[in-house]
Structure formats: structure tokens, C-alpha cells
1. If you average the sequence gap of Cα pairs under 8 Å that are 6 or more apart and divide by the length of the stretch 244-400, what percent do you get for the contact order?
2. For Val479 and Lys284 in the same chain, what is the full-extension length gain: residue separation times 0.36 nm, less their Cα-Cα distance, in nm?
3. Could you state the number of Å between the C-alpha centres of the stretch 486-528 and the stretch 205-273?
4. Kindly write out, for the stretch 354-364 in residue order, the coupling ³J(HN,Hα) from the Karplus curve 6.51 cos²θ - 1.76 cosθ + 1.60 (θ = phi - 60°), rounded to whole Hz, with x marking Gly and Pro.
5. Say R0 is 30 Å: what FRET efficiency, to the nearest 0.05, do Glu240 and Gln405 get from their beta-carbon distance?
6. Exactly which GluC sites (Glu not before Pro) in the stretch 229-332 are in a DSSP loop and have at most 11 other Cβ atoms within 10 Å?
7. Give the shape of the stretch 237-348 as rounded, prolate or oblate, defined through the alpha-carbon gyration tensor: a ≥ b ≥ c are the square roots of its eigenvalues, a/c under 1.5 means rounded, and otherwise the shape is prolate if a/b is larger than b/c and oblate if not.
8. Report ³J(HN,Hα) in whole Hz for each residue of the stretch 294-302, in order, from the Karplus equation J = 6.51 cos²θ - 1.76 cosθ + 1.60 where θ = phi - 60°; Gly and Pro get x.
Amino acid sequence: MVLPEDDLPGKRRLSVSGSAGNRPQPVGGIGNRPQPLGGGSYSNRPILLKPRSELPEHDDDEDDDEEQEDTDLREILRNAPAWLVSTVFHMLLLIMLGLWAYAVTNRDQELEVEVTYAESLGEQLTDPSMLESNGLELETEPENIITPPDLAPVDDPLAMPPELAEIDLNLPATTATIDDRITGAPIGLALKGREIGSRAALLKKYGGTAETERAVEAGLAWLVKQQREDGLWSMVGPYEDGSPYENTAAATAMALLAFQGHGDTHQTGQYKETVRKGWEALLKLQRADGQFLGDMSLENQILYTHAQCTIAVCELYGMTSDSHYHEPAMKALRYAANAQDQRLGGWRYQPRYDSDTSVTGWFVMAFQSARMAKLSVPPTVMQRAGTFLDKVQIEDGRAYTYQPQRERTAAVTAEGLLCRQYLGWRQNDPRLVEGIGFLVKKVPLSYTSQSDRDVYYWYYCTQAAHHMEGKIWEDWNSVMRQEVPSKQVKKGPEAGSWDPDGDKWGTNGRLYVTCLSIFMLEVYYRHLPIYSGYQFVQGVGKTMDPDAKPEPAADKPAAAADPAVTDSPATEPPATDTPATGPAERKPGEPPIDPVGPPSSPPVREKAAATKG
């Protein structure tokens with residue numbers, strides 16, 4: 001008979017034929033195969049069954065798929081060539097090593113940020129991409145392409161440019177002379193470092209960094225946002241921490257000087273539209289007699305303002321040779337020369353009345369800017385300025401005071417020494433080496449305490465040390481290029497500016513402190529060192545060390561000589577709306593006067609702009 005299939009699972013059964021009771025019995029033999037009983041034979045063959053382990057299971061399709069995938073993977077690996085397996089293995093190993101290296105780098109990222117400024121002096125700007133923005137939250141104007149993309153690099157940034165025709169200032173003739181030995185060679189190229197192709201080379205040569213240049217770009221972007229609809233800037237706002245005293249002409253001149261120091265003019269540069277609007281507005285503030293006078297709160301800022309505007313217009317003319325700015329520059333220079341104090345030789349608050357080192361320094365720079373622009377400056381103007389400096393010098397010219405018989409200060413000492421450089425003192429003059437070397441070592445740039453913060457002093461010392469070059473400049477710059485960018489506001493609406501709080505001149509406001517900070521960071525290319533025109537390349541000044549014994553000065557330059565000066569002017573002064581008598585002297589206990597404040601005289605009740613002729 002045949003057993004039913006329901007009885008088959010789980011047991012190995014045989015199907016046999018025969019009578020009841022004739023059940024199959026195991027029979028020994030080869031293979032222990034079953035034999036029929038009673039000599040009978042099978043009527044049906046047995047049903048062959050697979051062991052349970054070989055029976056397919058259909059209860060779990062997912063398990064079947066996984067087993068099949070495992071089987072396929074084993075087949076692929078078994079049949080894959082050896083080189084493929086090796087490639088995959090090493091690729092996985094490289095990925096694991098990369099992830100490990102990233103984890104280590106990410107862990108040390110904070111340490112890297114802390115040492116951002118510790119770059120090798122003068123060797124770090126090898127890739128132009130380093131000058132790109134650092135992602136500050138700033139709004140900037142769209143960048144304009146101002147040169148062909150295939151512009152050839154500048155081989156020699158110190159090469160003399162074509163000379164501009166000299167223009168006579170038409171001031172009274174004089175027989176006095178001035179020492180031209182220092183300024184003759186570099187004058188033709190003093191402003192050329194701002195040009196494209198020169199800036200990167202000069203940054204590298206004089207120790208600029210990617211951080212200093214990013215800080216300049218951020219500062220300029222902040223200034224763009226502060227320009228008013230009429231094209232002017234303001235000392236008061238709209239930014240935070242503005243000055244309580246307005247002076248639109250001075251604010252606009254300082255902002256324009258920051259853009260021009262970077263190489264931007266009304267013709268070229270990323271911010272040419274900003275500069276164009278600014279100059280259109282500032283020229284409207286120049287009076288018929290040449291004086292720049294805008295909305296102003298304090299009388300004691302009148303000549304400070306004119307000096308700053310004169311520097312700006314002479315620089316622009318020197319950079320562009322645009323004839324539109326020739327006459328405004330000439331008028332400004334005439335007014336400045338006629339405003340000089342004929343008795344002491346300098347300038348102060350009112351035209352032709354009294355002198356102090358602070359105002360005089362701005363006018364010396366104004367006439368130096370005219371010479372850089374190849375505008376002729378009568379020697380007597382600079383000669384008289386040198387005579388005044390003789391009256392306020394101490395220690396034979398190594399230090400200076402604000403006025404005769406006053407105490408020395410670091411700020412006016414740096415300003416006086418810078419003027420001496422422009423007036424012809426040689427780079428190895430012991431008075432310069434020891435005077436500037438003393439400031440660099442004993443009065444360093446520091447934000448540590450409120451008493452240390454003096455952006456006005458830093459601005460002048462940065463320029464004077466830069467002209468000295470060598471070790472004096474390296475010592476000053478190694479601190480300046482780290483500290484000044486690190487104190488720039490990095491986030492928020494005032495990103496790109498510098499906080500005036502705590503600075504000695506903080507009452508002048510955020511724009512004032514920001515502009516002077518930008519001037520310092522542009523020093524690498526803003527003006528070439530005045531001695532590099534010929535003395536630097538001959539090896540002079542390469543190791544100017546304040547600890548080294550300097551060579552004695554060969555002679556005292558003519559600029560420091562005491563020319564015959566009379567109390568009566570050579571020509572009649574120009575008509576002005578300001579009185580011939582100056583303001584009262586500063587009372588004991590009142591703060592000293594600075595370029596645009598803080599005030600030492602009460603605000604003008606009727607703003608000077610209302611009297612503009």
C-alpha cells in the first residue's frame with residue numbers, strides 16, 4: 001500500500017506491497033537497503049525525501065533575500081581579481097585616515113585662530129587669494145573690473161613714473177632755500193604704491209599681512225555705509241558713538257583719504273562711485289578764497305579741517321592728474337600758505353595767529369602732498385615750519401612739545417619727528433634714530449588700558465617708523481599689524497569700524513578713530529618710505545637699530561635753519577569770515593587740543609557753515 005502524504009513529514013517511510021502483517025523489516029546488506037519480505041517485490045517505488053535542512057522555507061521572504069545577497073556577495077568576492085580587492089581595501093584605509101586627520105585638525109582649530117597673526121614678516125603674501133574677504137557681515141558695492149585680466153605684474157614697484165609738469169603756486173617769491181636732497185628722488189613715486197600691481201609687492205616688502213588688508217577692506221566697507229545722501233560724511237552719526245561736535249568737511253576729507261590710501265579714486269577702484277560722490281560734495285564746501293569750510297560746531301577746528309582737505313585734494317590730483325582738481329588744489333594751497341603764522345612759523349586755530357605742533361603737522365603733510373603731486377611749493381613755507389619746530393624741540397630735536405615751554409608728549413614728538421623727515425633730516429640722523437627708537441621701545445602701541453590708547457600718537461609714530469625702515473619699523477610693525485586688526489569690530493551694524501570708547505581722542509567719535517586706524521593699516525603702500533628712492537637700495541637704513549650708535553649728522557638741513565622772519569606778512573592775507581584775533585589760551589586743567597577735538601572752546605552758536613562765502 002501507499003502511506004498518505006500527511007504521515008510523511010518528519011519521518012523517512014517506505015511504501016511496500018503485500019498482505020497485512022507483512023511489514024517491511026530492515027535487512028542487512030550493502031548499504032542497508034530495504035529488501036522485500038517473503039520473496040515479494042515492490043509494486044511502487046519509494047518517495048525520496050530531502051533532509052529538513054535542505055527543504056526550502058517560505059515563511060520569511062526577507063531572510064531569503066538577505067541569504068541570497070550574502071551568497072551573491074561571497075560569489076563576487078570569490079570571483080573578483082586580486083587588484084580590485086586591494087584597491088577597495090586601500091581606498092577604505094585612506095578614507096579612515098582622512099577622517100582621523102580631519103578630527104585632529106578640527107580639534108586644534110581654536111589654537112590656529114589664536115596664532116593667525118604669527119606669520120613670517122614680509123613673506124606671507126604669496127597668494128593673491130589671501131587678500132579676499134574674511135566673510136564679515138558687511139555690505140559692499142559690487143566690484144568693478146578696472147584693469148584688463150592679463151595685466152602684467154609690476155617688476156619694480158619703486159621704479160620712477162613719468163614726471164608731471166610742475167605748476168607754480170604763484171605765491172610771493174623768496175630767496176630762501178630748502179633741502180631737497182631727501183625728497184627729490186622719491187617724490188615722483190611716493191603715491192605710486194597704491195596702484196594695482198604695486199600694492200601686493202609692497203605689502204610683502206614691508207610686512208603687511210592678509211589680516212591687515214582684510215581689516216582695511218572691512219573698514220572701507222563700513223565707511224561706504226556711513227556716506228550721506230548728499231555725498232558727505234558726518235562726525236556725529238548715523239553710526240553709534242559719534243562725536244558730539246559736527247564737522248562735515250573734516251569727516252569727508254578723512255573718509256576720502258582712507259579710500260585714496262587704498263588706491264580708489266573717482267576714476268578707478270572698487271569704490272570709485274563713493275569717492276566721486278564725496279568729492280562732488282566736498283568741492284561745494286570750498287570758498288572762493290580756497291578755504292574748505294562745512295557744517296562745523298567748533299572754531300578751533302577751522303585750520304585742522306582745511307589742512308585735511310588740502311591733503312586730500314593734492315593726493316587726488318597727484319594720483320589722477322585730473323585737471324578738474326588742479327584749481328581747487330591750487331586755491332587750497334594758497335589759502336594754507338597765507339594762513340601761516342608769520343611770527344612763529346607754524347599754524348594753529350585761526351589764520352595767521354599763533355602756532356602749535358599739532359596743527360602745524362597737518363599743514364606740513366599738506367604741502368608734502370603737494371610736492372608728491374608735483375605742485376611747486378615755495379621753500380619759505382617749509383622753512384618757516386622748520387623754524388617753528390626749532391622752538392618746540394627738546395633734547396636737540398629728539399622730542400617735541402605742543403607749544404614752546406610746554407611738556408613733551410609722545411603724540412607731538414612723533415608728529416614733530418615725522419615733519420623733520422619731510423623737511424630733510426637724513427635717515428641716519430642720530431636725532432631721528434634715537435627719538436623714534438625711544439618711542440618704539442618705551443611707548444609701544446597697546447590697548448591694555450585706557451591710558452595706553454592713543455590712536456593719534458599711533459598714527460604719527462606708524463608713519464615715522466615706516467620711513468625709518470629696518471629694525472625700528474620691524475619692531476613697531478610686529479605689534480601694530482596684530483593689535484589694530486584684532487580690535488576691529490567683527491559683527492553687528494558697526495562691523496569694520498573701531499570702538500572709540502577708552503581712547504584719548506574718543507570724544508571725536510567712531511569715524512575719526514576708524515579713519516586713523518585704516519590709515520595705519522594702509523601704511524605699507526599709502527606712501528613709499530621717503531628714503532627708499534635711492535638710499536634704501538644702496539644699503540642705507542637696512543639695519544636702523546635704536547640700540548646702535550648712529551652716525552653723526554653731516555650737517556643741519558636748511559629746513560631747520562632760522563630764516564629771517566618778520567612780523568608783517570609778505571602779502572595781504574585773504575579775506576575770511578573769521579577774526580584776526582585767535583581764541584583765548586587754554587585754561588589750566590582743560591584737556592589738550594587734538595586734530596578735531598576734544599573741545600577747548602565753547603561751541604559756536606552760529607555754525608560756521610552759515611557764514612560760508
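1. The value is 19 percent.
2. Working: separation 195, 0.36 × 195 = 70.20 nm, distance 4.07 nm.
Additional length available on full extension: 66.1 nm.
3. Computed from Cα coordinates, the inter-centre distance equals 10 Å.
4. 6, 9, 8, 5, 5, 5, 4, x, 5, 6, 4
5. 0.15
6. Working: sites: Glu229, Glu240, Glu246, Glu273, Glu280, Glu299, Glu315; in loops: Glu229, Glu240, Glu246.
Sites meeting the loop and neighbour criteria: Glu229.
7. Because a/c hits 1.5 or more and a/b fails to exceed b/c, the stretch 237-348 counts as oblate.
8. Per-residue couplings from phi come out as x, 6, 9, 9, 10, 5, 6, 9, 4 Hz.
All of the numbers you see were taken from the coordinates with simple rules; none came from a lab. Computed from a predicted model, the values in this text were never measured in an experiment. Counting neighbours? That spans all protein chains shown, and the Cβs are built from the backbone with ideal geometry, glycine included.
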